[in-house]
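Worksheet for the structure shown next.
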Amino acid sequence: MNIRNPLMSGIAFVLLMTACSQNDPATATLETDAPASAGEVNVYSHRHYEADEKLFAQFEADTGIQVNVVKANADQLIERLKAEGENSPADLLITVDVGRLTRAMDDGLIQPFSSAGMLSAIPAHLKDPDLHWVALTKRARVIVYHKDKVEDLSTLPDYEQLADPAYQGRVITRSSTNIYNQSWIASMIAANGEEATEVWAKSLVGNFAREPEGNDRAQMRAVAAGVADFAVVNTYYLGLLVNGPAEDQQVASQLKIHFPNQSGRGTHVNVSGIGVTKSAKNQEHAEKLVEYLLSPAAQKVFAETNFEYPVLPGVASSELVESWGEFKADARSLNEVGKLGPDALKLADRAGWK
């Protein structure tokens with residue numbers, strides 16, 4: 001698939017030509033006799049996964065609606081939408097983390113869905129109350145630990161306890177400039193208040209085994225290498241390690257997942273999500289694609305291919321994800337968490353979290 005950076009000159013949308021087999025039970029969905037060409041839908045997407053390409057191709061095959069995709073990081077896509085204004089060809093914005101969905105909403109780049117009915121099966125905390133966006137997948141932000149360095153599993157920490165003196169020099173995570181950590185800190189503010197969260201963040205920084213660097217997979221590789229005992233990461237990255245090259249599988253074999261805060265509010269869960277752009281010229285097709293991506297069959301593809309949690313109740317996670325066990329998730333509205341993102345970043349800066 002030829003995907004180009006949208007900031008380069010002469011950018012063109014790319015037609016996804018390869019449809020998945022109609023006989024693939026993992027992707028079999030709509031049974032229609034659509035014409036060869038029934039219109040198009042233009043997608044700006046931050047996601048870069050096989051599951052998405054597979055689903056877009058199947059949607060094309062089932063409906064005859066051409067899916068054109070431009071991929072780039074979220075900030076680039078948001079800035080492009082702002083620059084293009086009403087002339088933007090984009091019909092849908094797909095990005096990861098509620099912080100970015102909130103930014104797109106606050107910047108007036110996405111509009112409410114035309115029908116609440118199509119989103120009715122999705123839990124309330126996983127969509128904007130005014131229906132500007134809806135979650136496509138979930139990922140829990142968990143504590144991963146080295147299985148050979150934690151003998152007493154009853155002492156595994158909650159988020160708050162990572163700042164205790166007992167964990168000095170034992171914790172790593174990525175930079176506070178990363179949106180995943182901003183939303184995690186925002187969830188701490190929502191739960192414990194800004195003052196208490198700032199005290200916590202300062203102590204947590206004091207417990208870091210090294211200055212923040214790298215992505216979530218880099219944190220897990222560092223734990224496996226003995227740099228630290230604990231790392232805070234998104235669950236699906238462990239799934240990608242388990243199913244990656246041999247060296248990544250070796251890393252994954254040394255790690256275990258701990259779901260924190262099970263006796264309280266639950267583990268922080270964030271999402272990837274989607275919204276119809278304010279400039280959408282193909283809104284009907286756009287909403288049809290959203291409805292398709294929220295169908296049981298499509299949700300199963302997300303779960304099995306990318307090791308994310310489905311947002312549609314009743315759809316099972318992959319066998320690997322199921323093996324990590326059930327857990328209590330923080331059911332706080334992600335809309336509230338997203339609004340606290342800017343405060344979280346300022347707090348992290350005051351705490352010295354680079």
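The values are calculated or read from the model by the stated rules, or taken from the named source; none is laboratory data. Note that this is a predicted model, so its numbers are computed, not measured. All Cβ positions, even for glycine, are placed from backbone atoms using ideal geometry, and neighbour counts span all protein chains on display. Keep in mind that these areas ignore ligands, DNA and RNA; they rest on the heavy atoms of the full protein, side chains included. Shrake-Rupley method; radii C 1.70, N 1.55, O 1.52, S 1.80 Å.
Extent of region 88-166 along its three principal axes (Cα atoms, max minus min coordinate, largest first): 54, 27, 20 Å. Summing Lys and Arg as +1 and Asp and Glu as -1 over all other residues whose Cβ lies under 12 Å from the Cβ of Glu86 gives a net charge of +2.
Please state, rounded to one decimal and in Å, the Kirkwood hydrodynamic radius that region 245-354 gives when every pair of distinct Cα atoms enters the mean of 1/r. Intermediate values should be presented prior to the final figure.
Working: mean 1/r = 0.0575 Å⁻¹.
The answer is 17.4 Å.
For the chain, which span is the longest to avoid every loop-located (per DSSP) member of GluC sites (Glu not before Pro) having at most 14 other Cβ atoms inside 10 Å?
Values: sites that count: Glu31, Glu151, Glu213, Glu326.
The segment 32-150 is the longest one with no such site.
Of all DSSP bridge pairs formed entirely within the chain, close to 70 percent run antiparallel.
Projecting label points 7 angstrom from Cα along Cα→Cβ for Ser114 and Gln168 puts them 6.2 nm apart. For the chain, the spread of Cα coordinates along the three principal axes comes to 64, 40, 39 Å, biggest extent given first.
In Å², what does the accessible area per residue of region 264-323 work out to with a 1.4 Å probe? Walk me through the numbers on the way to the answer.
Details: 2020 Å² over 60 residues.
Spelled out: the 1.4 Å probe surface of region 264-323, per residue, equals 34 Å².
Using the rule -39500 (n - 2.57) for each DSSP H run of four or more residues, divided by the residues of the chain, the 222 nm mean residue ellipticity is -10500 deg cm²/dmol.
In region 90-241, the portion of solvent-accessible area held by carbon and sulfur atoms comes to 45 percent [1.4 Å probe, whole percent, DNA, RNA and ligands not counted]. If the limit is 22 Å between Cα atoms, which of Lys82/Lys339; Lys202/Lys328; Lys138/Lys328; Lys54/Lys339; Lys71/Lys281 go over it? Pairs exceeding 22 Å: Lys202/Lys328; Lys54/Lys339.
Shown is the FRET efficiency for Lys82 and Lys281, computed with R0 = 25 Å from the Cβ-Cβ distance and rounded to the nearest 0.05: 0.90. So, in Å, what gap is there between the alpha-carbon centers of region 169-191 and region 195-253? Distance between centres, Cα-based: 12 Å. Once the C-beta distance of Glu211 and Asp130 is scaled by a Förster radius of 45 Å, the resulting FRET efficiency is 0.70 to the nearest 0.05. Would you mind pulling out the separation of the Cα centroids of region 281-354 and region 39-64, in Å? Between the Cα centre of region 281-354 and that of region 39-64, the gap is 18 Å.
Can you tell me the relative contact order of the chain? Whole percent, Cα pairs under 8 Å, sequence separation 6 or more.
Details: 692 pairs, mean separation 91.9, N = 354.
Contact order relative to length: 26 percent.
Provide the FRET efficiency to the nearest 0.05 for the Ala297-Gln250 pair, computing r from the beta carbons and using R0 = 30 Å. Mind dumping the intermediate values first?
On the way: r = 34 Å, r/R0 = 1.13.
Given R0 = 30 Å and the Cβ-Cβ separation, E is 0.30.
With every protein chain in place and a 1.4 angstrom probe, the accessible-area ranking of Leu340, Leu347, largest first, reads Leu340, Leu347.
Taking a ≥ b ≥ c as the square roots of the Cα gyration tensor eigenvalues, with a/c under 1.5 meaning rounded and otherwise prolate when a/b beats b/c, else oblate, which class fits region 120-267? Judged from the Cα gyration tensor, region 120-267 comes out oblate (a/c at least 1.5, b/c at or above a/b). Taking 7 Å steps out from each Cα toward its Cβ at Glu319 and Lys202 produces label points 5.1 nm apart. Classification of region 176-333 by its C-alpha gyration tensor yields an oblate form. The axis ratio a/c (a ≥ b ≥ c) is 1.5 or more, and b/c is at least a/b.
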